[in-house]
Amino acid sequence: MTYCKSSKKMNELEKFRDAFAGIAPWAGETPAAHAVDFLGTFTDITFPAVFTGDPMSIGGKYVETALPSLDDTHPDDNADIWQWRGEGWFEAVNWFEAAREAHGEFVMLTLGAWYGSQAVGCYRALQLVNPMPCRLVVVEPMADNVALIERHFRTNGIDPDAHWIVPMAVNDSADPVLFPVAPHAMGPQNCFSTNERASRESFCREIIAAGKAEAALSSLLLHNSTGITIPGKSAKGEPLQAEVKYVGATTLNLLLGPLARVDYLEADIQQSETRAFPPFVDLLKRKVRRIHIGTHGRDAHWMLHDLFAGNGWDIVFSYEPDATHQTALGTFTTTDGVLTVRNPNL
């Protein structure tokens, strides 16, 4: 498969060397068991699935933070400070670029929100550089994570009832999807693999072969669950299970329908981006000013890159996943890919 990796003005990082000019890194006292970032956003240290230490050893002290850095070759391992490096630098740059471009009312849509870090970061950037009325549209299918979003909002002075929290998965249709519902310590999940026809057929064969058809029917009708579990583990290595259940799904056209304009759309939906975005690229071009996607897999990254480039979007940043990139602003390694596009028509 051949992909077009060129786009005029792509990855002009020098333009963003001063993206945080005039922003004073936050300094002050932190709550116990909370890390803090350069914006003064407090994050309960038990939220991120990567934390393995004693939560009560974090926070409850005076902390000085630093501005985001693209270079991630010498990360600060101070667990009291939530660093925005490498991939995180691009996310933070987009918060500020989107905030500076906005006028009237700022609307941000985040897909696969987990505990809401992108929404809160974007909100705080807006308050710093261009304060105005704001609507956050936060999409996350797992009920446990929705509760974390509400907590994270309140911790950082945001009333969750003043914004839209949509407890659904994102797909290319609004049919319910089979989704691995897991404890938040297992990290982000997706319906890309569990909802494919091949996976559904495999689940069906597994249930019948195990003689559990009657139990599965009862579980589906009463609890929306297949009864099938997928093994995983926490950051501490503890075994965890995700239960494959039906959850509600929505689509970009349904999310965008009530909104006249979206200043910034952010997505980290664990390869479901390959289903969610392509059917609605024309609608996105009419309504959305800036999009940032954490891509999963090289093929997915370049397919989406070409989709947007071929439809007239400016490719601002495009770095494929699972690679090390050397740039004028430093060296960084991606896990997710980085794809930021800007709509020249808005």
Test for residue 274: is it over 19 Å from the mean Cα position of the chain (by Cα) and among the hydroxyl-bearing types (Ser, Thr, Tyr): no
Selected residue [farther than 30 Å from residue 31 by Cβ and of a type in the set (Val, Ile, Thr)] from 170, 166, 181: 170
Matching residues, the range 226-267, being in a loop (DSSP other than H, G, I, E, B) and surrounded by fewer than 21 Cβ atoms within 10 Å (Cβ to Cβ): 234, 235, 236, 237, 238, 248, 251, 257, 258, 259, 260, 261
Filtered residue count, the range 126-138, keeping only those that are out of contact with any Cys (no Cβ under 9 Å at 6 or more places or on another chain) and crowded, with 24+ Cβ neighbours inside 10 Å: 1
Any hit, the range 235-255, residues being within 30 Å of residue 46 (Cβ to Cβ) and of a type in the set (Ser, Thr, Tyr): yes
Any hit, the range 179-186, residues being surrounded by 18 or more Cβ atoms within 10 Å (Cβ to Cβ) and in a loop (DSSP other than H, G, I, E, B): yes
Subset of the range 182-192 that is in contact (Cβ under 8 Å) with a residue 60 or more places away in the chain and in contact with a helix residue (DSSP H, G or I) (Cβ under 8 Å, 6 or more places away or on another chain) - its residue that is nearest to residue 149 (Cα to Cα): 184
Count of the range 69-84 residues which are under 17 Å from residue 30 (Cβ atoms) and among the polar types (S, T, N, Q): 2
Matching residues, the range 299-318, being under 21 Å from residue 188 (Cα atoms) and either touching a residue at least 60 places away in the same chain (Cβ under 8 Å) or β-branched (Val, Ile, Thr) (or both): 299
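Looking only at residues that are surrounded by 14 or more Cβ atoms within 10 Å (Cβ to Cβ) and touching a helix residue (DSSP H, G or I) at 6+ places or on another chain (Cβ under 7 Å) in the range 315-328, which one is farthest from residue 88 (Cα to Cα)?
Our first condition is that a residue be surrounded by 14 or more Cβ atoms within 10 Å (Cβ to Cβ); within the range 315-328, this holds for 315-321, 325.
Cutting the leftovers down to touching a helix residue (DSSP H, G or I) at 6+ places or on another chain (Cβ under 7 Å) gives us 315, 317-318, 320-321.
Values: 315: 18, 317: 13, 318: 14, 320: 15, 321: 13 Å.
Here the answer is 315.
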Elements of type helices (runs of 4 or more DSSP H) in the range 78-174, at least 3 residues being over 19 Å from the mean Cα position of the chain (by Cα): 117-129
Where a residue in the range 205-227 is farther than 19 Å from residue 242 by Cα and its partner, wherever it lies, is outside any strand (DSSP E or B), with Cβ under 6 Å and at least six apart: 213/207
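Bear in mind these aren't lab numbers, they're just calculated from the coordinates by the rules spelled out. Just so you know, these numbers come straight off a predicted model, no measurement behind them. Positions of Cβ are generated from backbone atoms using ideal geometry, with glycine treated the same way; all protein chains shown enter the neighbour counts.
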